[in-house]
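Some notes on the structure that comes next.
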Amino acid sequence: MVLEKSYVSFFSKAAIEDIKAENTKSVSLFNISTNEIVFSIPIKDFKFDKALMKEHFNEKYLESEKFPKATFSGNVSGFSKEIKGDQSVIAKGKMTIHGVTNEIDVPGIMSTEGEKATIKAVFKIKLADYNIKIPQLLWKNIAEQVEVKIEFFYKTQ
Amino acid sequence: MKMKRSLWLFFSIVSAATFAQDDLLKELEQTEKPKIEYATSTFKGSRLVNGQTVEAKGKGELEFIFAHRFGAINTGSYNLFGLDQAYVRLGLEYGITDNIGVGFGRNSVDKTMDGYIRYRLLRQSSGVRNMPVTVTAFVNGAIRTSPEQLPVGQIYSDRISYTAQLLIARKFSPKLSLQLMPTIIHRNAVDKTVENNSLIALGAGGRYKITRSLALTSEYYYRMKVKDGNQFRNSLGLGIDIETGGHVFQFVMTNSQGITERAFIGETTGDFFSGDIHLGFNVTRTFQLKKIK
């Protein structure tokens, strides 16, 4: 299935500052017969409220010139093609951020309706797992774990 | 025998599955539309050492700049190696759009007020459009308000000067950025025995990042067609940039005391290699006034 629309956001809650960013430029493919799913998020396309936050995010933390994309490739399981509406599913596979790959499983919700399908998930990413270093000075501004929300809207080709 | 065959079959299915996933990722990458990739953060801020960089503020961003230059180190321990003397510039710059900024400031050297416009004309990019450099035009007007009483024979407009620069920079790598600054300065009144009203100079400088938050900078302005007997020197500055959160702290060493273009490009008196070195710093603090939509 081909992607129609995507929405990826992350949220970091810390004592001094909340950091939130959104990205609508991700791409993904979902093969509903083999259950394989891949997606790729262009790091430079995250939108922030403050220009300086976006600059630090790209230049210092994610180093997006070296690692321009975050990618996931894996399988979605626990669903049945016959069921219409919402079902709980699990996506298992490799998540690569900042050049570091980890095996993750993420619970999510899949809904199908005719030619269209949607996959939504909310999960936490630990920055240290991907070698994203927070300077000690800023520990009150940036959380160690960040909440990521993804929503992918597909349709059959 | 049967065990071996089914084991082989198992491995080939598993490896086919992993290859299939990699294939799917490759297929995904092929479906992506080619984009323009802009170079970002060629420099950490709008100042290199004394002079400007190609960086423009984002829309709605306000930058407060405090620049300080001490006296010369070689004035000896009695003068605390220059620390007793201070020359200051206070300034504000605001991004009207992502490419256009306006600013103004006041310098203690000659009590100069300056106002300027910065216009980023071209952005370095790769991908769909290839542009090797970022080019920003910088135009300022400055007026000296010191001495308070006009000297005999002068009119008020003698205190005014204009500067126009074309700043051309390239980010060669995440660590290295270099910049050229062809400059023209027009001064309404000069000592015509040693100066022309118009001064043309070529500046060159760069920054090299040593860590995520630390960079080394350098800047040199070479004046062209200098008249014999001219007592001024070319401006040389070296610096270290430290970035912390919303501030950039630039620690500098330069032979120039003034912080407006007319002063440091055209009227530097210090000889860097004789120890006429002024330590100083630029501190910038950025505020996002209008949230980005």
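Rg/Rh for the protein assembly as shown stands at 1.12; both radii use Cα atoms, and Rh follows the Kirkwood definition. With all pairs of separate Cα atoms included, region A:2-155 yields a Kirkwood hydrodynamic radius of 16.2 Å. Once Rg and the Kirkwood radius are both taken over the C-alpha atoms of region B:173-293, their ratio Rg/Rh works out to 1.05. Compactness of chain B was expressed as the Cα radius of gyration divided by 2.2 N^0.38 Å, which yields 1.35.
Modelled spin labels at B:ASN130 and A:LYS13, positioned 7 Å past Cα toward Cβ, are 4.9 nm from each other.
Working from label points 7 Å from Cα in the Cα-to-Cβ sense, the B:ASN188 to A:GLU113 distance is 7.1 nm.
Annotation: per residue accessible area for region A:14-88 equals 46 Å², rounded to a whole number [probe 1.4 Å, protein chains only]. Does anything in region A:30-51 have its amide N under 20 Å from the 7 Å Cα→Cβ label point of A:GLU82, and if so which residues? So the set is A:32-35. Per atom type, region A:2-155 shows carbon and sulfur on 52% of its accessible surface, probed at 1.4 Å. Between chain B and chain A, the total buried accessible area stands at approximately 2700 Å², from heavy atoms with a 1.4 Å probe. To the nearest ten degrees, helix B:2-31 and the longest principal axis of the Cα atoms of chain B are 30 degrees apart. Looking at region A:63-151, the trypsin sites (Lys or Arg not before Pro) that sit in a DSSP loop and have at most 15 other Cβ atoms within 10 Å of their own Cβ are A:LYS66, A:LYS81, A:LYS84, A:LYS133, A:LYS140.
Taking all protein chains as they are arranged and a probe of 1.4 Å, the heavy atoms of B:TYR222 leave approximately 120 Å² accessible to solvent.
The values are calculated or read from the model by the stated rules, or taken from the named source; none is laboratory data. Just so it is clear, the structure is predicted and the values come from calculations on it, not from any experiment. Because the Cβ atoms are built from the backbone with ideal geometry, glycine has one as well, and the counts that use them run over all protein chains shown. Heavy atoms of the whole protein, side chains included, go into the accessibility calculation; ligands, DNA and RNA do not. Shrake-Rupley method; radii C 1.70, N 1.55, O 1.52, S 1.80 Å.
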